[in-house]
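Student: Below you'll find the structure I mean.
Any read-out appearing in this document is the output of simple, stated calculations on the displayed coordinates, not a laboratory observation. On a predicted model such as this, the values are computed, not experimentally measured, just so you know. Don't worry about glycine lacking a Cβ; one is built from the backbone with ideal geometry, like all the others, and counts go over all protein chains shown.
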C-alpha cells in the first residue's frame, strides 16, 4: 500500500445505545482513493465523519477506538480539532459554498489560519481553482457570488476550498450524488487528478463510480466492514458472499 496517511483501529460509533459502526479497522494510503460502499444505513457515512471528528457535533454521539495520523491519535482529548480539520478536509453531498464571492470562498480558510498577504492569497486562490479544474471558468468573475455558479461548478469550488488550506487528506461524502452526469464526470476526473497528491476517502452509493475512481474499496454492512481489498479484486472476485450479492445487485 505504500505510506499510510490515516489508520482507524477498532473504531466504534454509538448514537445513544445504538452502535452504528462496530470495531472497524482500516488503513488509508497517503496517495490514492479508497471508496466506502454499502447499502443505506450501513455506517459508511458515520465512519467517514469520524475521521475528522465531525461526529463531535452530533448530540449523544460517542466514538471509541483510535484514529491515527502519523504518530498521533486524533481521538485524544489534547487534539486541536480546528487544526485537525485543516489537515483533513471535507466535501459534502450537496455543494455548500459560502454566501460570498468565488475569491472569498477560497481565501477564507487560509486567511482564518493566518495568511493576510494579498499576493499570497491571490496565488492560493489561483492554484486551488486550477487544481480543481475551475480557474479558466472563473478567473474573470472571481469577485462575483459563488452562488451564481452551476451545481457542478459549486462542488468543484468546494473541493478547491478544501485544497486551499493544504490538507493531507480529503473526505468526500457522495460528492456527485446531487449532480447531473456531465458534472459528475468532471468531479470524477478531478478526483483522478487529486489522488496523485492527496489521500482521498469517498463514500459513494454508485458502485460504477467506486470502480472508476478508487484503488481500494471497503464494503460496509450493518456497521461492519465485510470486505476490504483492491477495487479490481472486489468487483471481479469478491471473497465474501455478502459482497458478491451487493455488487451483483441482489440487495442494497
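Student: According to the square roots a ≥ b ≥ c of the eigenvalues of the Cα gyration tensor, what is the shape class of segment 74-119, taking rounded for a/c under 1.5, prolate for a/b larger than b/c otherwise, and oblate for the remainder? Numbers along the way, then the final one.
Tutor: Details: a/c = 3.50, a/b = 1.37, b/c = 2.56.
Oblate.
Student: Only Cα pairs under 8 Å and at least 6 apart count here; give the relative contact order of the chain as a rounded whole percent.
Tutor: Working: 473 pairs, mean separation 69.1, N = 252.
It comes to 27 percent, rounded to a whole number.
Student: Would you work out the relative contact order for segment 82-143, in percent, from Cα pairs under 8 angstrom that are 6 or more residues apart? Let's see the in-between values first.
Tutor: Working: 24 pairs, mean separation 22.9, N = 62.
The normalised contact order for segment 82-143 reaches 37 percent.
Student: Here is a further query. By how many degrees, 0 to 90 and rounded to 10, does the Cα axis of helix 181-194 deviate from the longest principal axis of the chain?
Tutor: 90
Student: What whole number of Å gives the distance from the Cα centroid of segment 96-145 to the Cα centroid of segment 201-252?
Tutor: Each part reduced to its Cα centre gives a spacing of 36 Å.
Student: Let me ask something else. Quick one: in segment 91-164, what % of C-alpha pairs are over 19 Å apart?
Tutor: Working: 584 of 2701 pairs.
Value for segment 91-164 (Cα pairs over 19 Å): 22 percent.
Student: Can I ask one more? At a threshold of 8 angstrom on Cα-Cα distance, excluding pairs fewer than six apart, so keeping six or more, what relative contact order does segment 1-102 reach in percent? Numbers along the way, then the final one.
Tutor: Details: 132 pairs, mean separation 29.4, N = 102.
Dividing the mean separation by the residue count of segment 1-102 yields 29 percent.
Student: Specify the angular offset, from 0 to 90 degrees and rounded to the nearest 10, of the alpha carbon long axis of helix 151-163 from the longest principal axis of the alpha carbons in the chain.
Tutor: Helix 151-163 and the main axis of the chain meet at about 90 degrees.
Student: Moving to a separate point now. Kindly work out what percent of the DSSP beta bridges joining two residues of the chain are antiparallel, to the nearest 5.
Tutor: 55
Student: Let me ask something else. Compute the distance in nm between two label points, each set 7 Å from the Cα along the Cα-to-Cβ direction, one at residue 222 and one at residue 117.
Tutor: Going from the residue 222 label point to the residue 117 one covers 5.7 nm.
Student: Can you compute the FRET efficiency between residue 7 and residue 236 using 1/(1 + (r/R0)^6), with r the Cβ-Cβ distance and R0 = 25 Å? Round to the nearest 0.05. Let's see the in-between values first.
Tutor: On the way: r = 27 Å, r/R0 = 1.07.
That gives a FRET efficiency of 0.40.
Student: Now for a different question. Which stretch or stretches of segment 184-202 have amide N atoms under 12 Å from the point lying 7 Å from residue 145's Cα along the Cα→Cβ direction?
Tutor: none
Student: OK, next. Starting with the fewest neighbours, write out 79, 217 ranked by other beta-carbon atoms found within 10 Å of each beta-carbon.
Tutor: On the way: 79 15, 217 27.
Ranked by crowding around the Cβ, least crowded first: 79, 217.
Student: Let me ask you something else. Can you give the % of DSSP beta bridges in segment 167-243 that are antiparallel, to the nearest 5? Show your work: numbers first, answer last.
Tutor: Details: 6 of 11 bridges.
Looking only at bridges with both residues in segment 167-243, the antiparallel portion is about 55 percent.
Student: Something else: For segment 46-129, what class follows from the C-alpha gyration tensor (a ≥ b ≥ c being the square roots of its eigenvalues): rounded when a/c is under 1.5, otherwise prolate if a/b is larger than b/c, else oblate?
Tutor: In terms of gyration-tensor shape, prolate.
Student: Relative to the longest principal axis of the chain, what angle (0 to 90°, nearest 10) does the C-alpha long axis of helix 118-131 take?
Tutor: 50
Student: How much FRET efficiency would the formula 1/(1 + (r/R0)^6) give for residue 137 and residue 82, where r is the Cβ-Cβ distance and R0 is 35 Å, rounded to 0.05? Intermediate results must be reported in sequence, preceding the final value.
Tutor: Details: r = 31 Å, r/R0 = 0.88.
About 0.70, to the nearest 0.05.
Student: Let me ask something else. Order by neighbour count: 195, 166, fewest other Cβ atoms within 10 Å first, most last.
Tutor: Values: 195 20, 166 16.
The most exposed by this proxy come first: 166, 195.
Student: Find the all-direction average of the projected area of the Cα convex hull for segment 1-111, expressing the result in square nanometres with one decimal place. Don't skip to the answer; put the middle values down first.
Tutor: Working: hull surface 34.6 nm².
Computed as one quarter of the Cα hull surface, the answer is 8.7 nm².
Student: For a footprinting-style exposure proxy, rank 3, 227, 197 by other Cβ within 10 Å, fewest first.
Tutor: On the way: 3 9, 227 20, 197 13.
By the 10 Å Cβ count, ascending: 3, 197, 227.
Student: Send over the semi-axes of segment 1-58's equivalent ellipsoid, whole angstrom and largest first, taken as the square roots of 5 times the C-alpha gyration tensor eigenvalues. Mind dumping the intermediate values first?
Tutor: Working: eigenvalues 94, 31, 22 Å².
Square roots of five times the eigenvalues give 22, 12, 11 Å.
Student: While we're on this one: Take the Cα of residue 177, step 7 Å along the line toward its Cβ, and report every residue of segment 45-72 whose backbone nitrogen sits under 11 Å from that point.
Tutor: 45-46
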